[in-house]
Structure formats: C-alpha cells, structure tokens
Amino acid sequence: MRGTWEAPNWREDQYFIASDENGDPRITGTLDVPFVLALPDAAEDGPVPVVMFQHGGPGSAEDVVWEAEAAGLAEAGFAVIGMTDTLNREVGLNGDEQSALLFATLIEQWRFPHFHAQTLGDQMAFLRFLEGLGSLDEVPLSGGDGVPDLDLQAPLTYVGISMGSIYGSALLSYAPELKAAALVVGSQRQGEQYFREGDFLNIFPPGLAELIPNATPRDYWLALSIFQMIFDHQDPHHQTQYLYRNRLEVAGTTRKASVLVVEGLADTQVPNNATRSLAWMFGPMPHLAPIWQASPILEQVIGPVTGNIDSETTAAFYQFVPFGVADIPHTPGCRFEPEGHFCGQSSAEAQLQRLLFLKSAVEDPVPTIVDPLSVVP
C-alpha cells in the first residue's frame, strides 16, 4: 500500500526550524509525507504486528519492500511501514546534489539546514499516525474481511538502516511506544562522517572544493571543527544519552526500547569509531561475542543476551565482517561483499539476527539478542 499522511511542518522556510517568542519550536503548517506499507500474507488470517522502518540515504519509503521481503519480515508475519525522510523527499535521491545544497546553504548563511530536526519531528508524528491505523482492512484484496489487518496491541518495533539508524538513535529516547529497535550500520557525529581515506581532495563532500576553490587542507580541518559546532544542536548522537545513561521521562514513563546496534567492519560510509561510540553513549551496551575488533569502551559478553539493561530491557552491540579484512575471517554471508556497510545490513546472518530479535520482542516478555553464527545451520 502506498499513500501520504499529514505531518506537522516545524520550519519557517524549507531549511530552518521556526521559533516562538520563547525560542521553542513552533508548527508553521503541514506536510504531505509519502509512506509505504507492506502487508504479509499472514494478514489474511488476522491482525499482524508492525515494524516501523526507516530507510538509508539516499533512499525512500519504497525501501520498505526490500526490508519486508529480503530480511524475511513478511514471511515471518510482520507488516512493515515506513516514510520518506525530509532530505530525500524535498531535495531528491542524488547524494551529490544533497551535499551541494547542504554545504552551499552553510557557506552562504552560516547555518546548516534542519532536515535532520524536521525528520525527527516527522518520526514522532508518524507514531501518532500509526495509532490511527487500527481499523485498516485491505486484505484479502477483494475488499477486506471485516477484520483489522494490523495488531496495534502487539509490541511495536523499529528497524533503521544506515541513515535510518542515525534517525532512530535520536527517536528512541523520545518513543516509549517502541519495544525494540535494530539500528544497523548508522551513527552520526556528522563532522566525522565527512572524513575520507586518501588525499585531502577526497575527504569532503563532492562539490565542496568548487565552492571554496582556494581553501587549503588546514582550512578544511579547521572548517570541520566549526561545522560540527554548528551542527551539534541537531546531531542525533547527542540525544542518545537519554536512552539508558540519563533516562528521560516521556509521557510519564522512563521505559525505553531494547536495542541491537550493528556494525560492519571496514565500513567506508560510517566510521566504526562512531558506531562504537553510539553503543557507549546509549548506556553503555555490551559487545556481543564473537569479538572481531575489541573496543576499550565496551564490555565483552557471550550471548544470548536478555534483560541485561533492566528486568525488561536488552541491548547489545554486534560486528559483521566483510570479505578482505586482514587477519579476520569474513562473515559467511559476506564472502562476496568487500564493504562493511552492506555486509552489516544485507548478509543472511545480519538479517536473521534482527529478525530473531524482533520476533522475541513480540513473542516474549523480554527480548533476546543472539550471535547469529550460533544459530545459522
């Protein structure tokens, strides 16, 4: 199913959040946001649990179909629903064009556009939209059968891939509605995202050199430090501490989701240090064995892991290994994948791990996170 839903617009123009006389954000109108809902065959037999999915970047709500099918969520009886984030729906799916717009605005106005902040607002409003789908009855396709398709009494779960993981890392602190979330190969610290291996011409977004042609490497590094300070107030990484470390009360509860954080070694799009920092900022959460690259900030544990944050909450960090990492055996499903960013989201083991995690969140009082290598035949 494809459609649009109405979300609050928090911006005074396309780029910047509007403020009232107290400096608080204010709603300036509404936005029509596209979404995709993938219903499984199991919905013909009765209501099914729902997974909220957030795509990577560039990407769109259409990626819901891939996650539902490739990751086995549809076969397991989950409905998967997701929206298109602000940057991709308003600027388009070309990554170079997105970077050019973002940095041109920064250079011209000394402010970084608030696409991230607007998307966080969209996600929180999307949770309210989901609450209104309790009477949805579209299957069988003959016009329904008088029975709702979605089980909104079942635990609601979340999957974020890459940029969707980054957005989810902020959302979780403010969404007690979510029982469990898989955050896959995505963490912010935006200044660090712009680092690249190789010469200085390749460490910054495409098109930036043309905007400031006389800049030296020293200018770039200094600019990145200033950039991060400009971006800090909407960097999702700063919201993560309110999950377990400094629990934020929301709607009268400090209950928080169980969380699986997934890393792909040798990830060229998201620095491994940023992903490990995400796991530490949350609580910290432990590093689930096997340990391919240890981090001094994460405790090591042997799985399965359940109820390790509190009596109803589970969290763990896990690594997948692409082909070609020196002296480390690759994850079996990544034998043809030399890039950690995609190994961590698309290998059979990665998909199985998050599927088992989400199923346990729906079926069991306390979710469980397993080492998928221990359960793959």
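Please work out the C-alpha center-to-center distance from segment 108-173 to segment 59-79 and express it in whole Å.
After rounding, the separation between the Cα centres reads 14 Å.
Rank Tyr167, Thr275, Met83 by how far each Cα sits towards the positive end of the charge dipole of the chain (+1 on Lys, Arg Cβ; -1 on Asp, Glu Cβ) and give me just the farthest.
Thr275
Can you tell me the alpha carbon radius of gyration of segment 87-206 divided by the globular rule-of-thumb value 2.2 N^0.38 Å?
Relative to the rule-of-thumb radius for its length, segment 87-206 sits at 1.40.
About its Cα centre, how strong a charge dipole does the chain have in debye, to the nearest 20, once Lys and Arg get +1 and Asp and Glu get -1 at the Cβ?
The dipole magnitude comes to about 1020 debye.
Working only with C-alpha atoms, what are the Rg and Dmax values of the chain, expressed in angstrom?
20.6, 67
Counting each DSSP H run of 4 or more residues in the chain as -39500 (n - 2.57), what helix-only mean residue ellipticity at 222 nm follows after dividing by all residues, to the nearest 500 deg cm²/dmol?
-9000 deg cm²/dmol
Which values, in whole Å and largest first, are the semi-axes of the equivalent ellipsoid of segment 61-116 obtained as the square root of 5 times each eigenvalue of the Cα gyration tensor?
Ellipsoid semi-axes (Å, largest first): 34, 10, 7.
Only bridges whose two residues both fall in segment 2-374 count here: according to DSSP, what percent of them are antiparallel, nearest 5?
Once the DSSP bridges in segment 2-374 are tallied, antiparallel ones form about 40 percent.
Rounded to a whole number, what is D in µm²/s for segment 96-150 from Stokes-Einstein with the Kirkwood radius over alpha-carbon pairs (20 °C, 1.002 mPa s)?
Calculated translational D: 147 µm²/s.
Could you work out the relative contact order of segment 2-374, using alpha carbon pairs under 8 angstrom and six or more residues apart, expressed as a whole percent?
Once normalised by length, the contact order is 14 percent.
No value in this document is a laboratory result; all are computed from the given coordinates. This structure is a prediction, so every number in the text was calculated from the model and none was measured. Every residue, glycine among them, receives a Cβ derived from its backbone with ideal geometry; neighbour counts consider all protein chains shown.
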